[in-house]
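To start, the structure under review is shown below, and the notes come after it.
The values are calculated or read from the model by the stated rules, or taken from the named source; none is laboratory data. Every value quoted in this text rests on a predicted model; they were computed, and no experiment measured them. All Cβ positions, even for glycine, are placed from backbone atoms using ideal geometry, and neighbour counts span all protein chains on display.
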Protein chains: 2
Amino acid sequence: MNIVPSKKKKKPTINDVANLAGVSKKTASRVLNNSPSVSDATREKVTAVMKKLNYVPDPQARGLAFKRSFIVGLVYDNPNVLYISDIQKGVLKACKGTGYELIMHPGDFNSEHLIEEVCDFATRARVDGIILLSPISQIDELAKRLENDQVPYVRISPKKIDIEEKTVISNDKLGAELMTEYLVSIGHRNIGFIKGPECNLSTEQKYQGFCKIMQKYNLPIQADLIIKGENTFESGIQSGNKLLAMKPNPTAIFASNDFMALGVMRAASMLNISIPEQLSIAGFDDSAIATVVWPDLTTIHQSAIQMGQMAANKLLVQLGSNNTNSNEVIEILPELVVRNSTKKAS
Amino acid sequence: MNIVPSKKKKKPTINDVANLAGVSKKTASRVLNNSPSVSDATREKVTAVMKKLNYVPDPQARGLAFKRSFIVGLVYDNPNVLYISDIQKGVLKACKGTGYELIMHPGDFNSEHLIEEVCDFATRARVDGIILLSPISQIDELAKRLENDQVPYVRISPKKIDIEEKTVISNDKLGAELMTEYLVSIGHRNIGFIKGPECNLSTEQKYQGFCKIMQKYNLPIQADLIIKGENTFESGIQSGNKLLAMKPNPTAIFASNDFMALGVMRAASMLNISIPEQLSIAGFDDSAIATVVWPDLTTIHQSAIQMGQMAANKLLVQLGSNNTNSNEVIEILPELVVRNSTKKAS
DNA sequence: TGCCTGACTGACACCGGTGTCAAAACACTA
DNA sequence: TAGTGTTTTGACACCGGTGTCAGTCAGGCA
């Protein structure tokens, strides 16, 4: 006798199911896909066998036949790790239960081959569609290429809204308005503002929101109180130093993101300026670091999680997924979060 | 005449390549896979056609035929976002150029179906192997199941090293030794230590490292100066308050991670204890937040990026990928990073 | 010249599912 | 009972690649 035990138990295929249930492969497939044209008796029989064999269809084979991969890609190159992971969380939330998985695909914003590279990734049939994060989402040429190659995509925070169904933006203008309104309401008149990098819708919007409220209260917008930053901690320090060297000192500084706000804080503490007694500091984003410093940061809460979720939902719609996810996000509204880095102007 | 223009240009298949090159499908496939048994003339011809058609093989079809998906999964449930994204970066770095992609798969550590769920994910042939992050990596039963189901996997920071090729751990003990040695060397004798949560190899190792150095210098390890934390900012505040209520005050506090260290900082600043003048604070991990607070945090740099990279490399080896990535990580050594939250004991 | 060898090549089945379309089974009418 | 329409089913090709194995062809040797 020749005993060759096969340790490795093979995964059951749809053929196994069909044979054991005494139906054809195709009928088994029908049951798998909830086709209505299967008699209840057959459906039950097949379902029972599937359960018994612990059958799970092979996604590769399905994908090949369906010409779908049931995978979405997240393309990013953003130094802000917290932002990415929040977006990621939102996307995963939206994907949950839809059978879609998420592939992370970092890209190099400064590479001249970026467009090629991303298109390659997207058309290799590896993913059914992609979500582009800022700043990559701002490359209009890339969007055009994707449009041309008929790759489903959604852009988060592009320069401008092009196609509604393929865009998710946050209401940054409103956020900036909320913050400015608040700062003014507690008595600040001399407010420094740190912008983000240029060529960025978000940057522009925040600035506009700021200006709008200043004008509303007939407050002057002094050119030298508007500093251009780079959204980084370091640029926050630099901008802070510039602003704090001015006479008269601004009583409040509103930075376009939390990292820069923390930079200002650092600059202030090195100049022995106490916060919030002598200077109020406000950020934007309410990232995880906002509560980890002391004093903790007054900021605008922008749910990146919701943005990711919304983007994924929009993408799934394009993919024709019967998205039964009820927790759909309709609009993302900024919220003012007052903490201890701001105080009434004395 | 009946003109029905087909706008959608189909992606070229291997058949197209073969036809245009005047060879068989199989030969084209051979060229694709760098099979040695193809004559140079043929190879050139086919390669030229591929380039001309801008042909890219369909990963689904390849996967189906190869019984491989060329995707690895990262399974995690860790509140520490910075850690995850560093690991992720490392994994992606290792995958780069190997043709492998990364799927993110969050799991619920507290779910009773976790094991089933993860096994399902792994065996659905969706991924070729998975990398488990702490705390999920610490579930030995899960590892046993994966072993049984013959799913390639690597665990990062499990409770103990089981199978060398499937484990990546950081040298936490050495890290704690470095930090303790440093604190002692600048004159601290009365050092508070905040442990991480129990049932964690890492927690235990750090504690051992701390004790080893204290004993080396014949310093007493006072039980009430050892506090158990939860690795969160909040637990850092609580632990800090406990330690700072003691008489005599410790002159230095060494927290097992940066979040807790920041918590201590916060506790100290609420008690008007100045840092580092009256109290030195040290963390562990050198996460991105360490440099964003003031004073910035003295900590131990543990490259999570390297850990991710190492884990991915080990996984790729299991998958038999001829990993030509030369930037292989051999060992991950902790580094002491001295910043401004610590100072000579007065 | 004839045979043997080794380097290349291609026909065909297969991976595990799905689409198409015709056939079978059933129900209902005339 | 035959005829018609509707539901349910299965045979077969196909998705886009790869493995197997036999066949072709040129060069070396007797």
Taking segment A:108-134 and the residues there that are surrounded by 19 or more Cβ atoms within 10 Å (Cβ to Cβ) and assigned to a loop (DSSP other than H, G, I, E, B), the one that is farthest from the other protein chains (Cβ to nearest Cβ) would be A:SER134
With at pLDDT below 95, small (Gly, Ala, Ser) and farther than 24 Å from A:GLU116 by Cα as the only criterion, which of B:SER69, B:SER35 stands out? B:SER35
Do we find that A:LYS11 is within 8 Å of DNA strand C (Cβ to nearest atom), surrounded by 12 or more Cβ atoms within 10 Å (Cβ to Cβ) and modelled with pLDDT under 90 in this structure? yes
All-but-one check, B:ARG189 against (1) in a helix (DSSP H, G or I); (2) surrounded by 14 or more Cβ atoms within 10 Å (Cβ to Cβ), failing number (1)
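Residue by residue, here is whether (1) under 24 Å from A:ALA122 (Cα atoms); (2) within 16 Å of DNA strand C (Cβ to nearest atom); (3) modelled with pLDDT under 90 holds:
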residue	(1), (2), (3)
B:ALA41	no, yes, no
B:ALA48	yes, yes, no
B:ALA65	yes, yes, no
B:PRO79	no, no, yes
B:LEU92	yes, no, no
B:LYS96	yes, no, yes
B:GLY99	yes, no, yes
B:MET104	yes, no, no
What about B:PHE70, is it among the aromatic types (Phe, Trp, Tyr), free of Cβ contacts under 8 Å to residues at least 12 places away in the same chain and either more than 11 Å from DNA strand C (Cβ to nearest atom) or at the interface with chain A (Cβ under 10 Å from one of its Cβ atoms) (or both)? no
For the subset of segment A:244-301 comprising residues that are in contact with a strand residue (DSSP E or B) (Cβ under 9 Å, 6 or more places away or on another chain) and among the aromatic types (Phe, Trp, Tyr), which member is farthest from the other protein chains (Cβ to nearest Cβ)? A:PHE254
Quick one: in segment A:15-39, which of the residues that are part of a loop (DSSP other than H, G, I, E, B) and of a type in the set (S, T, N, Q) is nearest to DNA strand C (Cβ to nearest atom)? A:ASN33
Starting from segment A:275-304, take each residue that is touching a residue at least 12 places away in the same chain (Cβ under 8 Å) and list its partners that are part of a loop (DSSP other than H, G, I, E, B) and basic (Lys, Arg), counting only C-beta distances under 6 angstrom and pairs at least six apart or across chains. A:PRO276/A:LYS343; A:SER280/A:LYS343; A:ASP296/A:ARG339; A:LEU297/A:ARG339; A:THR298/A:ARG339
Pairs, please: C-beta under 9 Å, at least 6 apart or cross-chain, first residue farther than 16 Å from B:ALA41 by Cβ and in segment B:10-24, second within 11 Å of DNA strand C (Cβ to nearest atom) and among the hydroxyl-bearing types (Ser, Thr, Tyr)? B:ILE14/B:SER29
Residue by residue through segment B:204-263, note down the ones that are in a loop (DSSP other than H, G, I, E, B) and closer than 19 Å to B:MET179 by Cβ. B:TYR217, B:ASN218, B:LEU219, B:PRO220, B:ILE221, B:GLN222, B:GLY229, B:ASN231, B:PRO250, B:THR251, B:SER256, B:ASN257
Quick one: would you say A:ARG68 is in contact with an Asp or Glu (Cβ under 6 Å, 6 or more places away or on another chain) and either in the same structural domain as A:SER287 (by TED's automatic domain parsing) or surrounded by fewer than 22 Cβ atoms within 10 Å (Cβ to Cβ) (or both)? yes
Among residues of segment A:95-109, those that are over 15 Å from A:LEU133 (Cβ atoms) and not β-branched (Val, Ile, Thr), counted: 6
Got a sec? Which of A:PHE259, A:PHE284 is surrounded by 24 or more Cβ atoms within 10 Å (Cβ to Cβ), at negative phi, modelled with pLDDT of 95 or more and not aliphatic (A, V, I, L, M)? A:PHE284
How do the pairs read when you match residues in segment A:82-99 that are within 17 Å of A:LEU319 (Cα to Cα) with residues anywhere that are of a type in the set (Phe, Trp, Tyr), using Cβ under 7 Å and keeping only pairs 6 or more apart or on different chains? A:GLY99/A:PHE70
